[in-house]
Amino acid sequence: MAGQILEPEQIAASAATPPFIHLPPARLFALRTARLETLAEGNPLGDYLRLVAGLCRAQQQVLDNPPVMPERDENRLEQSRKHGMPPLAADTLVREDAWLTLLDALLRAYPTPDNPQVKAALEQLKEADAGQRRAWAVLLLAGQYDGVPAAVVPFLGAGLQVAWSHWLLDLPEDSVSDIGSGSRCPCCGSPAMAGVIRHRGKHNGLRYLVCSLCACEWHFVRVKCTGCESSEGLDYVSLETDKVTAEKAPLKAETCPSCKTYFKQVYLELDADAEALSADLASLTLDMRLDAEGFQRQAPNLLLAPGGE
């Protein structure tokens, strides 16, 4: 990474002043669409990246023009503040019906492609009743992918993402705070998908984790495993290409020898337009390499079924 390298104690000290969280931009899914379409060029998974780009485009349409939704439960919001709980706790809200309205809106906005497998997956999700959809969603958010049809995962995950991002952006100011959740999202309690190393002003060199569900970002000290919180022996792995050396790669995986897991993060100093979800999906070759080396992925991506077709 170019520029000054901060020591762990410097990073910890500087973490006291910057904002604890960053909300996603209102154009989040449009930005993901553009990045995925760019990254699809020349990528062996280009067709999949373009499929996800289409999903992100539909997500943005729903976020821009959401269906009529139930009013926010102010009492629940107040109770979450009082007890230091995530205001949009996924493990609770996923068992209710409100998010299904946004899933249906997404399925209407997403144009059915010619691919027969994709058509079949969409039909399976559309025909499933509310109980089945909730059951699949509970398993997906718990990381129990074996209980969810692999082909359904990206569409179900996209529906969940747009629902929680919609709710997050609609929350009153200062609804999300540091509740000591570590590598779990302080907004919804979901695990982080990837990290972002910022590069401007007082944020320079600081790491923010990106929620796999609502896309909230929160500060997490660097040089510290997001899984076991060890700082011993961490290494940083990337893939060298004909366009960029491994040292200058804007995406690296932080590997931990203590718990044998890894966690991807993007360096905005090396690519100011980098975005966590698209960078993660475009770098699945790195996942395969680390899996072969005995490291386990600890961060979910709700638009990808591990081992799925």
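Here the chain exposes an accessible surface that is 50 percent carbon and sulfur, computed with a 1.4 Å probe and the other protein chains kept in place.
Distance between the 7 Å Cα→Cβ label points at SER231 and GLN79: 3.9 nm. For MET193, MET85, the ranking by accessible surface with the largest value first comes to MET85, MET193, using a 1.4 Å probe.
What ranking of THR92, THR255 comes out by heavy-atom accessible area, probe 1.4 Å, highest first?
Details: THR92 65, THR255 10 Å².
Result of the area sort, largest leading: THR92, THR255.
Here's the picture: charge each Lys and Arg Cβ at +1 and each Asp and Glu Cβ at -1 in region 126-178, and of VAL153, TRP164, GLY143 the one pushed furthest to the positive end of that dipole is VAL153.
Which value, in Å², gives the accessible area per residue of the chain when a 1.4 Å probe is used on the protein heavy atoms?
Each residue of the chain exposes 47 Å² on average to a 1.4 Å probe.
Dividing the summed helix terms, -39500 (n - 2.57) for each DSSP H run of n ≥ 4, by the number of residues in the chain produces a 222 nm estimate of -12000 deg cm²/dmol to the nearest 500. One decimal place: the segment ASP146-ASP170 gains 5.3 nm when fully extended, by the rule 0.36 nm per residue minus the C-alpha distance.
Residues LEU103, LEU304, sorted by accessible area with the largest first, give LEU304, LEU103 [1.4 Å probe; ligands and nucleic acids excluded].
For VAL153, the solvent-accessible surface with a 1.4 Å probe is about 0 Å², rounded to the nearest 10.
In percent, what relative contact order does the chain have, based on Cα pairs under 8 Å that are 6 or more apart in sequence?
Here the relative contact order equals 21 percent.
Phi angles of region 285-299 translate, via the Karplus equation with coefficients 6.51, -1.76, 1.60 and θ = phi - 60°, into HN-Hα couplings of 4, 5, 4, 5, 5, 5, 5, 5, 8, x, 9, 9, 6, 9, 10 Hz per residue; Gly and Pro are given as x. Solvent-accessible area of LEU169, all protein chains in place: 70 Å² (probe radius 1.4 Å, heavy atoms, ligands and nucleic acids excluded). Of the listed values (i) 67, 42, 35; (ii) 52, 48, 32; (iii) 58, 51, 37, grab the one calculated as Cα extents along the principal axes in Å from the structure here. Checking each listed value against the structure points to (ii). Each of PHE20 and ASP47 was given a label point 7 Å from its Cα along the Cα-to-Cβ line. The distance between the two points is 4.6 nm. For region 146-161, backbone nitrogen atoms closer than 12 Å to the point 7 Å from ASN115 Cα along Cα-to-C-beta are found at 151-155.
The values are calculated or read from the model by the stated rules, or taken from the named source; none is laboratory data. Note that this is a predicted model, so its numbers are computed, not measured. A quick note on method: Cβ atoms are made from the backbone with ideal geometry, for glycine too, and the neighbour counts reach across all protein chains shown. Accessible surface is based on the protein model in full, side chains and every heavy atom, while ligands, DNA and RNA are left aside. Shrake-Rupley method; radii C 1.70, N 1.55, O 1.52, S 1.80 Å.
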